[in-house]
Amino acid sequence: MQVPQAQFNIGQVVQHKHYGFRGVVFDVDFEYSLDEQWYQEACKAMASMGQPPIEKKQPFYHLLTDGSEHESYVSQQNLCAAEDVAPVQHAGLDAFFTLSNGQYIHRYSVN
């Protein structure tokens, strides 16, 4: 079985291709791992924008969403590297990262 390769790294700032929000990656699932209801709703939202269904067999990223207290769960197909270099504003950011020279450095080692 081939494991999908993640394009984005923990601590990287990414942007949603269709909704435009940014966030810092704090975890990655190498395929979809939430419930079926969430998946169906996300697929309906993409269809309403004329986008293809979300594939389950791809990396999904947990994001600390900029300007929010919420987290987001986004498929790799709907993300790109963020061009905006402004610091991300999220209440939980300090629990995961330190900011050093514009880079988010994970506070804990990742195994």
Completion exercise
Quick calc, the chain, dipole around Cα centre from Cβ unit charges on Lys, Arg (+) and Asp, Glu (-), nearest 20 debye, gives 240
Exercise for the section: Arrange the following residues from fewest to most other Cβ atoms within 10 Å of their Cβ: 80, 43. Expected result: 80, 43
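For region 28-83, run through the GluC sites (Glu not before Pro) and keep only the ones in DSSP coil with at most 11 other Cβ atoms within 10 Å of their Cβ. It would help to have the intermediate numbers written out before the result.
Details: sites: 31, 36, 41, 55, 69, 71, 83; in loops: 31, 55, 69, 83.
Filter output for region 28-83: 69, 83.
What does the extension gain come out to for residue 34 and residue 83, with contour length at 0.36 nm per residue minus their alpha carbon separation?
Numbers: separation 49, 0.36 × 49 = 17.64 nm, distance 2.84 nm.
Taking residue 34 through residue 83 to full extension adds about 14.8 nm, to one decimal.
At a 10 Å Cβ-Cβ cut-off, how would you order 27, 35, fewest neighbours first?
Numbers: 27 14, 35 8.
Ordered by Cβ neighbours within 10 Å, fewest first: 35, 27.
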Fill in the blank from the handout: Exposure proxy check on 105, 10: fewest-to-most Cβ neighbours within 10 Å is 105, 10
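We did not get these values from a lab; they are worked out from the coordinates using the rules stated. If you're wondering where the values come from, they're calculated on a predicted model, not measured in any experiment. Note that each Cβ is placed from the backbone with ideal geometry, even for glycine, and that neighbours are counted across all protein chains shown.
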